[in-house]
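Report on the following structure.
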Amino acid sequence: MQLPLSAREELKKIVGPHNVRTDEASLLLHAYDCSLSRTRPDALIHVHDAKQVPAVLSVLYRYHIPFVARAAATNHAGSCSPLKGGVILNLAPLNHILRIDIQHGFAEVEPGVITEQLQQALEPLGFFYAPDPASQHVCTLGGNLAQNASGARCMKYGATLDHVLEADVVLPDGKEIHLSRAHNGPDWIGFFAGSEGTLGIVTRLKVKILPIAKHIKTFLVTFPSLEDCVQTVTDLTAKGIIPRCVEAMDKPTINAVEKFAHAGYPTNAEALLLLELDGSPARIYRDIASLETICKQNNAVQFIPVKTEASRQKLWAARRAAYSTMAQTAPNVIVGDGTVPRSQLPAALRKVQNLLTEKNVQANLLFHAGDGNFHPHLVCDERNPHQTQYINRILKQILQICLDEGGTISGEHGIGVEKRSMMAHQYDKNTLALFSTIKRAVDPENLANPLKIIPVNFSEKAPAAPVLPEAILQLSEAIKKARGPVLIAGRHSLQKTVPGVSTLSTQTLSQIEDIDLINYTVTAQAGVPLPQLRKTLAEKGVYTCLPADEGTLGGAFASGCYPDFYPHVTAIEAILPDGTAVKYGGKLTKNAAGYNLIRLFAGSQGKFGMVTKLTFKVFAAPVPVSVTRTFQPLEKNELWQRIHPAIDKNQKLWQLKEGKNAL
């Protein structure tokens, strides 16, 4: 589409004439990201002041002009590609660190700040920012939130969504909102993370910073096979050991990286692990003994302590350079991003290796192995369309292997357009319909990064929702048939009744279905009482952050009283107000495929529906018990005002306006 002259003039008044570009060179330079997607925009706007963003989006909304926000454009899934033309908003000039407060442990930044730029500013102060994508020397903090990026330290410290405390967001029509973890209600920051610019634009971030660990030990371990290497990861997590980092790579990757970086990787190794521990000296000493034992049990050839900080930094710099190394070998590198439960990593690897052998495809295999996240690097030449299509088909088959093993098609790179069709393989029709409802509610004109994430005609392609167990089916029918307001409740531990409102209780959902001591996860129904949960887990020798209060598991999750529990939840199942069932996640350390329903339902107090089942992390040693917040009514921000009526069209689910938690 052509940018109307009147719109162009309005935009020039906002950002300045020289910052609205329609010349061919500017448009072509912003027509791609790190994927193979190539789509030319109609205009480019350089944004130098965050205050300009609401006015710019208001103009685009009035003229019905689609837009894509981008900065470094390091995305591997085509998230930055303007599929409907329109305007590219270049946020790279918003690159200022606004404030660093080491006393209270946070930094305020603009979205275009390079991740490594923040790290360099923090280091002299004795602090660091935990998320560490391999592209941290070029990727931006706003982009990291948009994709929910993570990196090597994710196993211990979590992904970007766990480190953002506040965010200023501009919605697609120009409306400004402020999101904060201090607010009552859904975890809107966690929900917004990974939305790939399809729900709005972040203009400011307040992120958590941490003191640099005083004690870090790094080890390079070599193995006679990649299978032995990844089995080691499964075994160490089954022992409850949580390293700071666990990275794996195969022989072709070792050789390519060493040739490029000269970091000291042993090129005679078939596979290696880069293991890193931090914490107290006593804890590190204990874990070293366990690590070495597990490695040797899996046929480790060498267990080499890294002796100097310079050597350690060199090894990590080489690991982060893996993509650059591959980029030298062919015109194009296609990077996969599948994630499986850690226990399934060996099985998934065998299937991938068999597929690559069968199809005669060479791929370098790198792993955030502690997260079950692996990045196959496949090379091609996009000037050869047949070869490129063939490699893309192979990558989709690799992602299908991840799904078959209980995984996801994205751990941190997102979906964009390149993996959009695979969403219909990962999610059923009900869940994809909910994603679509959310997108329409927030962006009814479909202007914000359109045609991303949600597959086209998914109702024809996605599987039907699975048949519900009888107890859940009964609750589904009860919600569906309700004529008046319904209050979702658990044990009524704090609120007994609400006059004139019928109560739908989760107490019939009282089963602890699975305690997995390999992945260290528990799957339990929402009505399980917290005292029973903690007692059962203690008998199994595992621990949770949840207290032994009188409420239920579902209430702890939905009430908003235990926000420290949200990062531990890896999957949910729920019944929506119309009676349909949805499910999201699995026994996964991370999932960047679609809108984060876990964080949407967290703290929502039963207003989006009834959570029926949760999967969450547990630990081999006691962890701090979640800080308990006093129950407070929901704070209804602009996202709530748009999304809630779209999900609960008949305003069926009752909102507690006073009193204590009924969940």
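FYI, it's all coordinate maths here, none of it is from the lab. Values in this document were obtained by computation on a predicted structure and should not be read as measured data. Backbone-built Cβ (ideal geometry, glycine too); neighbour counts: all protein chains shown.
For LYS613, the aspartates and glutamates whose Cα falls under 15 Å of its own Cα, not counting residues fewer than eight places away in the same chain, are GLU470, GLU513, ASP514, GLU573. By DSSP, the beta bridges lying fully in the chain are antiparallel in about 85 percent of cases. Taking every alpha-carbon pair under 8 Å whose residues sit at least 6 apart, segment 97-211 reaches a relative contact order of 32 percent. Cα centroids of segment 236-279 and segment 15-83: how far apart, whole angstrom? Value for the Cα centre distance between the two parts: 38 Å. Each Lys and Arg adds +1 at its Cβ and each Asp and Glu adds -1 at its Cβ; summed about the Cα centre, segment 575-622 shows a dipole of about 180 debye.
For LYS12, the lysines whose Cα comes closer than 21 Å to its Cα, not counting residues fewer than 8 places off in the same chain, are LYS51, LYS175. Every Cα-Cα pair of segment 470-647 was included, and the share exceeding 22 Å stands at 42 percent. Placing a label point 7 Å from the Cα of ASN392 along the Cα-to-Cβ direction, the residues of segment 36-75 whose backbone N falls under 11 Å of that point are 36-38. Stokes-Einstein diffusion for segment 1-47 at 37 °C, viscosity 0.692 mPa s, with a Kirkwood radius from C-alpha pairs, works out to 289 µm²/s. As a length-normalised measure over Cα pairs under 8 Å and 6 or more apart, the relative contact order of the chain settles at 13 percent. The value for segment 226-349 of Rg(Cα) / (2.2 N^0.38 Å) is 1.10.
Of the residues LEU600, LEU98, the one with the fewest other Cβ atoms within 10 Å heads the list, and the complete ranking is LEU98, LEU600. For segment 5-90, DSSP calls about 25 percent of its internal beta bridges antiparallel.
Cα-based radius of gyration for the chain, normalised by 2.2 N^0.38 Å, reads 0.94. Sorted fewest first by neighbouring Cβ atoms within 10 angstrom, GLU247, GLU10, GLU445, GLU405 come out as GLU445, GLU10, GLU405, GLU247. Here the chain is treated with +1 on each Lys and Arg Cβ and -1 on each Asp and Glu Cβ, and its dipole about the Cα centre works out to around 700 debye. Within a straight-line Cα-Cα reach of under 20 Å, LYS461 can be paired with the following lysines, leaving aside sequence neighbours fewer than 8 residues apart in one chain: LYS396, LYS419, LYS429, LYS439, LYS452, LYS583.
The ranking of MET423, MET155 by Cβ neighbour count inside 10 Å, starting from the fewest, reads MET423, MET155. Both numbers refer to the Cα atoms of segment 5-90; Rg and Dmax are 12.2, 35 Å. Working from the Cα coordinates of segment 59-155, the gyration tensor eigenvalues give, after taking √(5λ), semi-axes of 29, 16, 10 Å in decreasing order.
In this Cβ point-charge picture (+1 for Lys and Arg, -1 for Asp and Glu), segment 5-90 has a dipole of about 120 debye about its Cα centre. Dipole orientation for the chain: of the candidates PHE303, GLN136, LEU399, LEU399 has the Cα lying most toward the positive pole (charges on Cβ; Lys, Arg +1; Asp, Glu -1). Each principal axis of the Cα atoms in segment 97-211 has its own extent, and those three values, largest first, are 40, 28, 24 angstrom.
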